[in-house]
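The values are calculated or read from the model by the stated rules, or taken from the named source; none is laboratory data. Not measured: the values here are computed from a predicted model. Counting neighbours? That spans all protein chains shown, and the Cβs are built from the backbone with ideal geometry, glycine included. In case anyone asks, the SASA skips ligands and DNA or RNA and just uses the protein heavy atoms, side chains included. Shrake-Rupley method; radii C 1.70, N 1.55, O 1.52, S 1.80 Å.
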Amino acid sequence: MSTDPRALDGRLVHLGIGNFARSHTLLATQRAGGWGVSVVTGRTAAMADALNAQGGKYGLVVRGPEEDEVELIDVIDEAYAADDVDALKRLVADPLTAVVTLTITEKGYAAGTDPATSAPARLALALQARREAGVEEPIALVSCDNLTGNGEALREAVLACLDAEAQAWFAEHVDVVSTMVDRITPSADAGAGDLVRERTGLDDQVPVVTEPFTEWIIEDGFRGRRPAWERAEGVQIVPDVSIHELRKLRLLNGAHTLMAYAGQVAGAERVDEAISHPEVRALVEALWDEARSTLDLPADELDAYTAALEERFRNPRLADNLIRIAADGTSKLPVRALPVIAERGGPAQAPGEVSAVAAWTAWVTDRVRAGHEVADPQAEAIVAAAGLEDDRERVAALVGLLDGATDELAAAVLAEEPRLPRP
């Protein structure tokens, strides 16, 4: 898409462009109309190179239980590699830019203050460039990551990279908005590109595959301009997203995390296989019962949500691989499982959530001992802990890597591991 900036209502800059953001944020922005989009990769330049080679276009494959729908998304003007900080500074310093959205994963908010490794640090540099350019119009930072209070986490991460004067400017000129996004987006299969080419004519090297269900809840915290995202299906602008965040985090993401580990321990490879395994399914039910008790929402609403989740999980044509979901367990479990355990009164009152942690310790142990890598920010520590021969020491060391874990939880996990379903 090549758009005359003078004709645009505004520009959106997205950090951490990948499949997830392209299945919801950019789709909703295209539906909103009138906005240009510039995207920045999370790590390597590969995605930027591919998108630029395709003129910013890509195919969105919505994979239902029986058939696929394909839509051409043509809202990206330009794509940049993560290390092109000068481009990011130029974009954010431009008065036309009014919104920055982010999908940098949970661990991205604890990446520190080094711009070489931290997206919040790079964003802080770009905001300083906007301040130095004298731009007075407010800019909104919008987190789209699976993290409770993601807006506040983003605020803290960026402020930690600014000096006192820049922090004062930030308070006057920057809005930080929390959102909750719910759309399962697995890795594209080998045939997705062929399908996009057949339906649209685009030779797409980076197609996106997603499910029919979509929900994006956005906090109404904008002082400046924003896209009219509410024009898109499944988008709501609300005063407070917190209860929606918890519902999704503890029911969808919590079940995903449990299945990622328990499913693989039981011999499954995909989500639909895991939810169809009777013993894994029973663990999911237990986790849902515990998580529901911590959510201040009507029972019928929760019933409808979990019923929809099961239908989504069972979609055989989505074929979401458990190994993809299993990444970054030390970042996910402390925000998905441990808070429910604490709110329920401890491990004895939350055996379903304990099973999620036990499935993780069992899975990483199996994986390390088989000589496979574990994708996790604490991978080296996991390898060392999983190699301990004494089970009590091994489990204690692994559970100790989870922020907020207790000795009581380690003991419960040690007892639960042998009860997990195996092939």
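Assorted remarks:
- Applying the condition of being open to solvent by less than 10 Å² (accessible area, probe 1.4 Å) and of a type in the set (S, T, N, Q) to segment 86-124 and asking which residue is nearest to residue 177 (Cα to Cα) yields 101.
- Residue list for segment 214-235, filter: open to solvent by 60 Å² or more (accessible area, probe 1.4 Å) and either modelled with pLDDT under 95 or touching a Cys at 6+ places or on another chain (Cβ under 6 Å) (or both): 233
- Residues of segment 378-410 that are closer than 16 Å to residue 338 by Cβ and either of a type in the set (S, T, N, Q) or without any contact (Cβ under 8 Å) to a residue 60 or more places away in the chain (or both): 378, 395, 396, 398, 399, 400, 406, 407, 410.
- Neighbours by Cβ (under 7 Å, 6+ apart or cross-chain): first from segment 358-377, within 18 Å of residue 259 (Cβ to Cβ); second polar (S, T, N, Q): 363/264; 376/330
- Flag if residue 153 is of a type outside the set (Asp, Glu), open to solvent by 60 Å² or more (accessible area, probe 1.4 Å) and modelled with pLDDT of 95 or more: no
- Residue in segment 325-345 that is buried (at least 17 other Cβ atoms within 10 Å of the Cβ), of a type in the set (A, V, I, L, M, F, W, C), touching an Asp or Glu at 6+ places or on another chain (Cβ under 8 Å) and assigned to a loop (DSSP other than H, G, I, E, B) present: yes
To keep it simple, each residue is scored yes or no on (1) over 23 Å from residue 358 (Cα atoms); (2) assigned to a helix (DSSP H, G or I); (3) within 23 Å of the chain's Cα centre (by Cα); (4) not β-branched (Val, Ile, Thr).
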{"residue": "256", "(1), (2), (3), (4)": "no, yes, yes, yes"}
{"residue": "272", "(1), (2), (3), (4)": "no, yes, yes, yes"}
{"residue": "281", "(1), (2), (3), (4)": "no, yes, no, yes"}
{"residue": "287", "(1), (2), (3), (4)": "no, yes, yes, yes"}
{"residue": "295", "(1), (2), (3), (4)": "yes, no, yes, yes"}
{"residue": "301", "(1), (2), (3), (4)": "yes, yes, no, yes"}
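- For residue 132: the one exception among (1) at pLDDT 95 or above; (2) open to solvent by less than 40 Å² (accessible area, probe 1.4 Å): (2)
- Within segment 128-145, residues that are of a type in the set (Lys, Arg) reach partners that are open to solvent by 10 Å² or more (accessible area, probe 1.4 Å) with beta carbons closer than 7 Å, at six or more positions or on different chains, in the pairs 130/93; 131/169.
- Residues being at pLDDT below 95 and surrounded by fewer than 19 Cβ atoms within 10 Å (Cβ to Cβ) - total across segment 166-182: 0
Matching residues to (1) open to solvent by 30 Å² or more (accessible area, probe 1.4 Å); (2) in contact with a strand residue (DSSP E or B) (Cβ under 8 Å, 6 or more places away or on another chain); (3) within 24 Å of residue 350 (Cα to Cα):
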{"residue": "371", "(1), (2), (3)": "yes, no, no"}
{"residue": "374", "(1), (2), (3)": "no, no, no"}
{"residue": "380", "(1), (2), (3)": "yes, no, no"}
{"residue": "383", "(1), (2), (3)": "yes, no, no"}
{"residue": "388", "(1), (2), (3)": "yes, no, no"}
{"residue": "393", "(1), (2), (3)": "yes, no, yes"}
{"residue": "400", "(1), (2), (3)": "yes, no, yes"}
{"residue": "405", "(1), (2), (3)": "yes, no, yes"}
